[in-house]
Amino acid sequence: MPKGLLGIEELERSEIEQILERAKAFQPQGGQTFGKVNTCTGRMVVNLFFENSTRTRSSFEIAAKRLGAETMSITASGSSVSKGESLVDTLNTLVAMRPSAIVMRHAASGAPHFLARHLTTPIVNAGDGTHEHPTQALLDARTIMDRCGRLDGLRVAIIGDIAHSRVARSNIHLLAKFGVDIVLCGPPALVPRDLARIATGITIEYDLRRAVQGADVIMMLRVQLERMHEPSMQAGEYFRFYGLRPEHVALANPDAIVMHPGPMNRGREISSEVADSQQSMILNQVENGVSVRMAVLERVLLQ
Ligand code: NCD
């Protein structure tokens, strides 16, 4: 059965290295845009998004086009899902039209894994509930390597609503495979202690100042209000304790970088001074989203 990409957990370190290496070859040179390579001419990629997205959906679409593939996007609100069709029936309908791959985002953790067991079309997970967001972790790794030259031995602080973050979970799996020293930090209710058991080298810290001390990378996360019954903290209180400000960045390594997967809430998890600073890699992450998704789609389409 053709393989898609469901999560980082099931990837070998060598597979991750291959994807990151290929993504590097796709990065734009100087002021140019992404090269058009046409390795996937004649293939059709369907983007099926049951949850909102700006960055992920558009960069999958641009990536497919840069590879020479055709692409089509469906959002749940404009599809028959809103008429009560089951997920399996929606997917079987699309598969009957013979796409080469389906890129899918869904609010239920495990939805793409469940579908992958029933379908012959490869599925690329563009985020499933609070579980995984593999291409985000890959583009984050590409961004860190571009700036720091390596992953091994770095100290990465992941800050915020870790409990509801598929970005955090995929990053933890990826960074752990590369021997990164990982610090997880946020309000106690939003930092599940069992994540520290994924690998050795993962620690939990509730104090933001202590978490960022000596960090090479500070990775901020959005508070996922849409996945909470009741927010545990008001925005102002959250910002006071966990909002990243210049005084915190000053405690990290002098050449530390700041990341955020977006969409960011300025004044809640990050201050504008930090988000717009020289150390902020937020737009580099968006740019790398295209080259990494080109590498992932090419791997899926050309097997
Ligand atoms: C993230 C997501 O959807 O999980 N966004 C993204 O893909 N860049 C993070 C978030 O929504 O906070």
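Within the range 247-273, the set of residues being away from the ligand (no atom under 15 Å from the Cβ), exposed (fewer than 13 other Cβ atoms within 10 Å of the Cβ) and closer than 20 Å to residue 223 by Cα comprises just one member, 272. Note on the range 70-111: residues that are free of Cβ contacts under 8 Å to residues at least 24 places away in the same chain and either touching a Cys at 6+ places or on another chain (Cβ under 9 Å) or outside the structural domain of residue 293 (by TED's automatic domain parsing) (or both) amount to 0.
Matching residues to (1) crowded, with 16+ Cβ neighbours inside 10 Å; (2) among the hydroxyl-bearing types (Ser, Thr, Tyr); (3) more than 16 Å from the ligand (Cβ to nearest atom); (4) in a strand (DSSP E or B):
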| position | (1), (2), (3), (4) |
| --- | --- |
| 23 | yes, no, yes, no |
| 36 | no, no, yes, no |
| 57 | yes, no, no, no |
| 85 | no, no, yes, no |
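Could you check how many residues of the range 111-161 are crowded, with 20+ Cβ neighbours inside 10 Å, out of contact with any Gly (no Cβ under 7 Å at 6 or more places or on another chain) and among the aliphatic types (A, V, I, L, M)? Total satisfying the criteria: 12. Within the range 239-256, the set of residues being in contact with a strand residue (DSSP E or B) (Cβ under 8 Å, 6 or more places away or on another chain), assigned to a loop (DSSP other than H, G, I, E, B) and more than 27 Å from residue 150 (Cβ to Cβ) comprises 243 only. Among the residues making up the range 1-42, a single one is touching a residue at least 60 places away in the same chain (Cβ under 8 Å) and among the hydroxyl-bearing types (Ser, Thr, Tyr): 39.
In the range 40-55, the qualifying residues are those that are part of a loop (DSSP other than H, G, I, E, B) and either in contact with a helix residue (DSSP H, G or I) (Cβ under 6 Å, 6 or more places away or on another chain) or within 16 Å of the ligand (Cβ to nearest atom) (or both), and the one that is farthest from residue 286 (Cα to Cα) is 43. Cβ-Cβ distances below 6 Å connect the following pairs, each with a first residue in the range 261-277 that is without any contact (Cβ under 8 Å) to a residue 24 or more places away in the chain, a second residue that is outside any loop (DSSP other than H, G, I, E, B) and away from the ligand (no atom under 16 Å from the Cβ), and a separation of six or more residues or different chains: 266/272. Restricted to the range 95-110, and to residues there that are within 14 Å of the ligand (Cβ to nearest atom) and outside any loop (DSSP other than H, G, I, E, B), the residue that is surrounded by the fewest Cβ atoms within 10 Å (Cβ to Cβ) is 106. Where residues in the range 274-303 are touching a strand residue (DSSP E or B) at 6+ places or on another chain (Cβ under 9 Å) and of a type in the set (Val, Ile, Thr), which of them is surrounded by the fewest Cβ atoms within 10 Å (Cβ to Cβ)? Per the criteria, the residue is 282. For the range 59-74, the tally of residues that are within 15 Å of the ligand (Cβ to nearest atom) and not small (Gly, Ala, Ser) stands at 3. Scanning the range 214-231 for residues that are surrounded by 14 or more Cβ atoms within 10 Å (Cβ to Cβ) and either among the β-branched types (Val, Ile, Thr) or in contact with a Leu (Cβ under 7 Å, 6 or more places away or on another chain) (or both) yields 216, 217, 218, 220, 223.
For the range 122-238, give me every one of the helices (runs of 4 or more DSSP H) that falls completely inside it and has 3 or more residues that are under 18 Å from residue 288 (Cβ atoms) and among the hydrophobic types (A, V, I, L, M, F, W, C).
Working: elements: 134-148, 166-177, 208-212.
Because the criterion is at least 3 residues that are under 18 Å from residue 288 (Cβ atoms) and among the hydrophobic types (A, V, I, L, M, F, W, C), the helices (runs of 4 or more DSSP H) in the range 122-238 that meet it are 134-148, 166-177.
Is it the case, given these coordinates, that residue 130 is closer than 24 Å to residue 48 by Cβ, more than 16 Å from the ligand (Cβ to nearest atom) and touching a residue at least 40 places away in the same chain (Cβ under 8 Å)? It is false that residue 130 is closer than 24 Å to residue 48 by Cβ, more than 16 Å from the ligand (Cβ to nearest atom) and touching a residue at least 40 places away in the same chain (Cβ under 8 Å). Inclusion of residue 176 among residues that are at pLDDT 95 or above and touching a Cys at 6+ places or on another chain (Cβ under 8 Å) is not warranted. Restricting attention to the range 257-281, the residues being within 20 Å of residue 146 (Cβ to Cβ) and among the hydroxyl-bearing types (Ser, Thr, Tyr) number 2.
The values are calculated or read from the model by the stated rules, or taken from the named source; none is laboratory data. For clarity, every value in this text was computed on a predicted model and none was experimentally measured. Note that we place each Cβ from the backbone using ideal geometry, even for glycine, and neighbour counts take in every protein chain shown.
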